[in-house]
Amino acid sequence: MTEPERPPKDSPYARFAGLDLLATSVLVVDAAGSVRYANPAAEHLLEVSVKSLSRQKLAGLFLNGEELDALVRQALAHKYADLRQDLALQRSGREPLHVHSIVSAAGDEEVVVELRENVQQLKLDREERILDQSQANKELIRNLAHEIKNPLGGVRGAAQLLELELPDASLREYTQVIIKEADRLQTLVDRLLAPHRRPHIVGDVNIHEVCERVRSLVLAEFPAGLSIKRDYDASIPEFRGDKEQLIQAVLNIVHNAAQALRARIAQGDAEIVLRTRVARQVTLAKVRYGLALDLHIIDNGPGIAPDIRDRIFYPLVSGRDGGSGLGLTLAQTFVQQHLGLIECESRPGLTDFRILIPLP
């Protein structure tokens, strides 16, 4: 792999070479608004080489680049010592880039633009999307389940009455198909409505007891080829919650991981890690908590398919044949009933489900 092309030592911008060592993204812009220098951090953030950047106008890098360009113009006019502003820079075909920008004049003809990725804003936006998605899922599930349930009872009842009237017993095979399929759909509807029907039974919960229960259940189903490792923080306090709901939530995630690891289980090197930590100063649903349970369920499987990665908590979305697509939906619902949230990061070889729940 070749090194990116940097300004030559005799370049007038060689004096900025020291900025190459900074983790902060830095661009030097001239009076015409053209990028003349970019450090490696800027190349990484913008996903553009310095060679390509140096040929472009700063405003042209983003769909709404006029906002950043206006700050540069003000800096060149020496209206302020530096200008600081949070921006959501729009990029064609990609997620907006949330940054904290610092624009400072470096003489009469140049401006230094610092771009610091606003990780907290990204997290809040992602969390808000998950919460909105979950609320929409709840409404959809309730409405859809009730719309299915009412006519389903009529279909089943009609099939039973028809069966009694059939003169030929061999024809009852067809009514039995109707009755059995109606019962299967009824079971699916009941599972969809389960989190909203079952009362929230609150008691003292030790998260490690939850993890150990799940671990024993999954290892009983996969006794060979799968290792479930413990990485516990014994200092995590008990908290008030519904133990059975949390067992079900963690079990759904761990069981999904085990199913995804079938190929590695056959090879004998499948691994799931249950890691517990305490997270401090966590924001969940726009509420700040001093302490939160930080439970990670990590596997070394193939990862979640990119085409469903953003939809895994939707009902009836499954990454494997024969899956109901309800396990993660129910897990997210149960955790949210504890004021918490489930997040997921996945790539080939590592999938990490993170459960955050406020602690007292």
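The values are calculated or read from the model by the stated rules, or taken from the named source; none is laboratory data. This structure is a prediction, so every number in the text was calculated from the model and none was measured. Using ideal geometry, Cβ is built from the backbone for each residue, glycine included, and neighbour counts are taken over all protein chains shown.
Here's the yes/no breakdown for (1) more than 19 Å from the chain's Cα centre (by Cα); (2) of a type outside the set (Lys, Arg); (3) at pLDDT below 90; (4) on the phi < 0 side of the Ramachandran plot:
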| residue | (1), (2), (3), (4) |
| --- | --- |
| Asp242 | yes, yes, no, yes |
| Asp294 | no, yes, no, yes |
| Gly303 | no, yes, no, no |
| Val335 | no, yes, no, yes |
| Gly340 | no, yes, no, yes |
| Leu356 | no, yes, no, yes |
Checklist line | Any chance Val119 is aliphatic (A, V, I, L, M) and at pLDDT below 80 | finding: yes
Checklist line | Candidates Ala263, Ala234, Ala258, Ala224, filtered to the one that is surrounded by fewer than 14 Cβ atoms within 10 Å (Cβ to Cβ), assigned to a helix (DSSP H, G or I), modelled with pLDDT of 90 or more and not polar (S, T, N, Q) | finding: Ala263
Next item on the list: May I ask you to verify whether Leu188 is at pLDDT below 90 and closer than 20 Å to Ile253 by Cα?
Entry: yes
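Taking the stated definitions as given, is Val155 within 30 Å of Ile355 (Cβ to Cβ), at pLDDT 75 or above and not aromatic (Phe, Trp, Tyr)?
On the way: within 30 Å of Ile355 (Cβ to Cβ): no; at pLDDT 75 or above: yes; not aromatic (Phe, Trp, Tyr): yes.
So Val155 does not fit the description; no.
Taking the conditions exactly as written (surrounded by fewer than 19 Cβ atoms within 10 Å (Cβ to Cβ), over 25 Å from Glu244 (Cβ atoms) and modelled with pLDDT of 85 or more), does Leu350 satisfy them or not? I'd like the intermediate steps shown before the answer.
Values: surrounded by fewer than 19 Cβ atoms within 10 Å (Cβ to Cβ): yes; over 25 Å from Glu244 (Cβ atoms): yes; modelled with pLDDT of 85 or more: yes.
Considered against the rule, which asks whether it is surrounded by fewer than 19 Cβ atoms within 10 Å (Cβ to Cβ), over 25 Å from Glu244 (Cβ atoms) and modelled with pLDDT of 85 or more, Leu350 comes out as yes.
Answer yes or no as to whether Ala279 is surrounded by 20 or more Cβ atoms within 10 Å (Cβ to Cβ) and within 21 Å of Cys211 (Cα to Cα). Can you show your working first?
On the way: surrounded by 20 or more Cβ atoms within 10 Å (Cβ to Cβ): no; within 21 Å of Cys211 (Cα to Cα): yes.
The answer is no for Ala279.
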Notebook entry, point to check: Residue check, Asp69 against (1) more than 14 Å from Ala32 (Cα to Cα); (2) at pLDDT 85 or above; (3) not hydrophobic (A, V, I, L, M, F, W, C), all met but one. Which one?
Noted result: (1)
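Take Arg126 and tell me if it is at pLDDT 80 or above and either in a helix (DSSP H, G or I) or within 26 Å of the chain's Cα centre (by Cα) (or both). Walk me through how you get there before you give the answer.
Details: at pLDDT 80 or above: no; either in a helix (DSSP H, G or I) or within 26 Å of the chain's Cα centre (by Cα) (or both): yes.
Against the criterion (at pLDDT 80 or above and either in a helix (DSSP H, G or I) or within 26 Å of the chain's Cα centre (by Cα) (or both)), Arg126 does not qualify.
For every residue, the table says whether it meets (1) in contact with an Asp or Glu (Cβ under 8 Å, 6 or more places away or on another chain); (2) part of a loop (DSSP other than H, G, I, E, B); (3) of a type in the set (Gly, Ala, Ser).
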site: Pro302; (1), (2), (3): no, yes, no
site: Pro306; (1), (2), (3): no, yes, no
site: Asp310; (1), (2), (3): no, no, no
site: Phe334; (1), (2), (3): yes, no, no
site: Ile357; (1), (2), (3): no, no, no
Next item on the list: Residue by residue through the stretch 30-44, note down the ones that are surrounded by fewer than 19 Cβ atoms within 10 Å (Cβ to Cβ) and within 13 Å of Leu97 (Cβ to Cβ).
Entry: His44
Checklist line | All positions within the stretch 74-94 that are surrounded by 14 or more Cβ atoms within 10 Å (Cβ to Cβ) and either aliphatic (A, V, I, L, M) or modelled with pLDDT of 85 or more (or both) | finding: Gln74, Ala75, Leu76, Leu83, Leu87, Ala88, Leu89, Gln90
Item checked: Entirely in the stretch 33-86, the helices (runs of 4 or more DSSP H) that have 2 or more residues that are closer than 15 Å to Glu114 by Cβ and assigned by TED's automatic domain parsing to the domain that holds Leu21 -> 40-46, 66-76
